[in-house]
Each structure stands twice: as C-alpha cells, then as structure tokens.
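Accompanying notes for the structure given below.
The values are calculated or read from the model by the stated rules, or taken from the named source; none is laboratory data. For clarity, every value in this text was computed on a predicted model and none was experimentally measured. Heads up, the Cβs are rebuilt from the backbone with ideal geometry, glycines too, and the neighbour counts pull from every protein chain shown.
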Amino acid sequence: MTIDDSAIDWLAGLLSDAATAEIMPRFRRLGEGDIRQKTSAADLVTEADVNAERVITARLRERYPSAMIVGEEACSDNPALLGGLGDAELAFVIDPVDGTFNFASGVPLFGVMLGVVVKGETVAGIIHDPVG
C-alpha cells in the first residue's frame with residue numbers, strides 16, 4: 001500500500017473539513033457540559049474532539065474500508081484498539097484536537113493531527129492548524 005500526493009491532499013482536506021464543521025464552531029463557545037476530564041484536570045476531552053473524530057473516522061472508512069483506524073478518544077475508551085497497529089496493512093491514527101486543554105481554555109494553539117502507518121511504519125503525518 002502506498003500513499004501518494006493525491007491521497008495526502010485528500011487527507012489534509014479531510015482534516016480541514018472536520019475542523020470547519022466540528023471544531024471551530026465550538027472554539028470559545030463550549031458549554032460546561034461540553035468539557036470532560038479523562039485522567040486529570042489537564043487531560044480533557046470536548047464535544048469538538050468526539051465529533052471531529054467521528055467525522056474523520058467515518059470519511060476514512062468510506063475511502064479506505066479495510067484500513068485500521070485508531071482515534072485518540074476511541075482509544076481512551078478501549079486501549080486494546082492499539083493492539084494491531086504494527087501489523088496493519090494500512091492504519092490511520094487520529095488526534096482530533098491536539099492541544100485540547102488550550103482549545104478548552106480558548107487559547108488558539110491547537111491542531112488536528114493524522115498519522116498514516118503502513119505495515120508498522122509511519123509514512124506520513126498531517127497537521128492542520130484551523131486557526132492560523
């Protein structure tokens with residue numbers, strides 16, 4: 001499995017679309033119930049994280065139905081999802097809002113990240129800055 005430039009462009013567009021639809025409308029507009037702690041007061045998850053990961057995962061499944069998809073929030077709920085990452089023919093690792101604490105605090109230093117793994121080797125990483 002190879003990931004060419006057109007695939008990278010599509011993936012970058014996917015991250016941008018998810019940020020536009022699910023992350024930026026919530027930036028500096030989160031309600032009290034939209035933010036939860038995971039492991040500590042500094043380890044947060046927001047509705048933006050959950051919804052962006054859901055959108056990214058669904059679109060990846062449409063385009064790459066046999067790929068393994070590991071999202072940060074899904075993995076928090078089920079750490080066993082990481083189990084087959086090294087053996088997968090093609091895998092995607094999603095951090096829907098890298099810098100959730102900043103995002104939840106209204107600080108514009110966060111991004112959307114996606115790693116592409118082929119047979120255990122990271123072959124691409126894409127970072128989208130929805131603010132800049």
*Run Ala42 past the list (1) free of Cβ contacts under 8 Å to residues at least 40 places away in the same chain; (2) over 14 Å from the mean Cα position of the chain (by Cα); (3) over 21 Å from Val116 (Cβ atoms) and report the number of the one that doesn't hold.*
(1)
*Would you call Ala52 without any contact (Cβ under 8 Å) to a residue 12 or more places away in the chain and of a type in the set (A, V, I, L, M)?*
no
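Determine, yes or no, whether Val117 is farther than 27 Å from Met1 by Cα, more than 12 Å from the chain's Cα centre (by Cα) and either part of a strand (DSSP E or B) or without any contact (Cβ under 8 Å) to a residue 12 or more places away in the chain (or both). Give the steps one after another, and end with the answer.
Working: farther than 27 Å from Met1 by Cα: no; more than 12 Å from the chain's Cα centre (by Cα): yes; either part of a strand (DSSP E or B) or without any contact (Cβ under 8 Å) to a residue 12 or more places away in the chain (or both): yes.
No, not satisfied.
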*Limited to the range 80-104, what total is found for residues that are surrounded by 15 or more Cβ atoms within 10 Å (Cβ to Cβ), more than 24 Å from Ile8 (Cβ to Cβ) and of a type in the set (Gly, Ala, Ser)?*
1
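Pull up the range 41-97, narrow it to residues that are of a type in the set (Ser, Thr, Tyr) and modelled with pLDDT of 95 or more, then point me to the one that is farthest from Gly120 (Cα to Cα). Explain how you work it out, then say what you get.
Residues of the range 41-97 of a type in the set (Ser, Thr, Tyr): 46, 57, 64, 66, 76.
Cutting the leftovers down to modelled with pLDDT of 95 or more gives us 46, 57, 64, 66.
Numbers: Thr46: 30, Thr57: 20, Tyr64: 17, Ser66: 15 Å.
Only one residue tops the list, namely Thr46.
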*asked:* Can you list residue pairs whose Cβ atoms sit under 8 Å apart, with the first residue in the range 60-78 being farther than 14 Å from Met1 by Cβ and the second being acidic (Asp, Glu) and in a strand (DSSP E or B)? Count only pairs 6 or more apart in sequence or on different chains.
replied: Glu72/Asp95
